[in-house]
Amino acid sequence: MKVGFIGLGQMGSGMVANLLRAGHEVTIYNRTPSKAQRLVEQGARAASEVADACRGDAVVTMLADDGAVESVVVGAKGVIASLGKGAIHVSMSTISVALGERLTVAHANAGQRFVAAPVFGRPEMAAAAKLFIVAAGAPDAVDACQPLFAAMGQKTFPIGDQPKAANLVKLTGNFLIAAVIEGLGEAMALVGKAGVDRRRYLDILTSTLFTAPVYRTYGDLIVEHRFEPPGFAAPLGHKDIRLALAAAETLRVPMPFAAVLHDRFLTLLAHGGEALDWSAIGQLAAKDAGQENQ
């Protein structure tokens, strides 16, 4: 396919590399042009502006938040103004349900198609084409994107014809990951202060009760204090919990533990954690217990 890709952060760069390996013709745009050089050497074409990345069958956005997405999608030279009739905007960013709704309407009014396809997976999974993709939109549009999804991920989960459903699934998934991180942190703080080896404790958990990769991945980061460089920065984790709470308020669904997680992220950020991985909230319980170096 002929596809544009906007956003070359830790996730986007790996995703583009895999699209190129699969034989897709990719035009890339990033606010910092220097990030494009390595991908140009692999066969990508660098765009000087957003509009130049919107000339093909589809354009993918992989950006940090609602503000970053809106900054490239709306406006006189944005995605909506530049994308052809019937072409597809594939939003793979983690954005709010409300923005997903607005983009669906805006693209329909412009005669374009919109697919929300956020991903589960950290940068190393993006580089290895092992992402899990949650896709929602008109069935014909989702089907048309399957070659792109196959190049970037190990499995795609269609979730319906309303793009906002994929946005909500992603936000709730990140809420659950954050809950795992907080739970691990509290449990490790307790056993660690009692003198139990935290590495041994994690091995027991992940070999018996909790064998899912999320426990091993984040348990390792907590045990090893490996919060830099961030695979997923703490401010983004805070943003996702805030967006989950906003969706919950709209739907009148109480989420008391999400409110706790929101405050845990605020605590981390208030103590200078902006540059840390979001898993660093798992170390807060140890600090509260006077075990900062455990």
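Computed from the coordinates by the stated procedures, all read-outs in this text should not be read as laboratory data. All values reported here derive from a predicted model rather than from experimental measurement. Glycine gets a Cβ as well: all are built from the backbone with ideal geometry, and neighbour counts include every protein chain shown.
Within segment 143-157, the residues that satisfy the criterion of being free of Cβ contacts under 8 Å to residues at least 40 places away in the same chain, over 16 Å from HIS89 (Cα atoms) and surrounded by fewer than 18 Cβ atoms within 10 Å (Cβ to Cβ) are GLN154, LYS155, PHE157. Only one of these conditions is not met by SER82: (1) at negative phi; (2) out of contact with any strand residue (DSSP E or B) (no Cβ under 9 Å at 6 or more places or on another chain). Which number is it? Among (1) at negative phi; (2) out of contact with any strand residue (DSSP E or B) (no Cβ under 9 Å at 6 or more places or on another chain), SER82 violates only (2). Among the residues of segment 216-248, which ones are of a type outside the set (A, V, I, L, M, F, W, C) and over 26 Å from MET62 (Cα atoms)? ARG216, GLY219, ASP220, GLU224, HIS225 - these are the residues of segment 216-248 that are of a type outside the set (A, V, I, L, M, F, W, C) and over 26 Å from MET62 (Cα atoms). Find the residue count for segment 233-284, including only residues that are surrounded by fewer than 19 Cβ atoms within 10 Å (Cβ to Cβ) and outside any helix (DSSP H, G or I). Count: 8. Considering ILE28, ILE6, the condition of being in contact (Cβ under 8 Å) with a residue 60 or more places away in the chain and among the aliphatic types (A, V, I, L, M) is satisfied by ILE6 alone.
None of ASP57, ASP65, ASP52 is acidic (Asp, Glu) and within 18 Å of VAL142 (Cβ to Cβ) except ASP57. The set of residues in segment 190-223 that are assigned to a helix (DSSP H, G or I) and small (Gly, Ala, Ser) comprises GLY192, SER207, GLY219. Hey, can you tell me all the residues within segment 106-118 that are among the hydrophobic types (A, V, I, L, M, F, W, C) and buried (at least 24 other Cβ atoms within 10 Å of the Cβ)? Scanning segment 106-118 gives PHE114, VAL115, ALA116, ALA117. Evaluated against (1) under 20 Å from GLN146 (Cβ atoms); (2) surrounded by fewer than 24 Cβ atoms within 10 Å (Cβ to Cβ); (3) within 20 Å of the chain's Cα centre (by Cα), ALA64 falls short on exactly one condition, (1). Checked against (1) among the acidic types (Asp, Glu); (2) under 25 Å from GLU124 (Cα atoms); (3) free of Cβ contacts under 8 Å to residues at least 60 places away in the same chain, ASP65 meets all criteria but (3). Counting only residues that are surrounded by fewer than 17 Cβ atoms within 10 Å (Cβ to Cβ), touching a residue at least 24 places away in the same chain (Cβ under 8 Å) and in a helix (DSSP H, G or I), segment 72-105 holds 3 of them.
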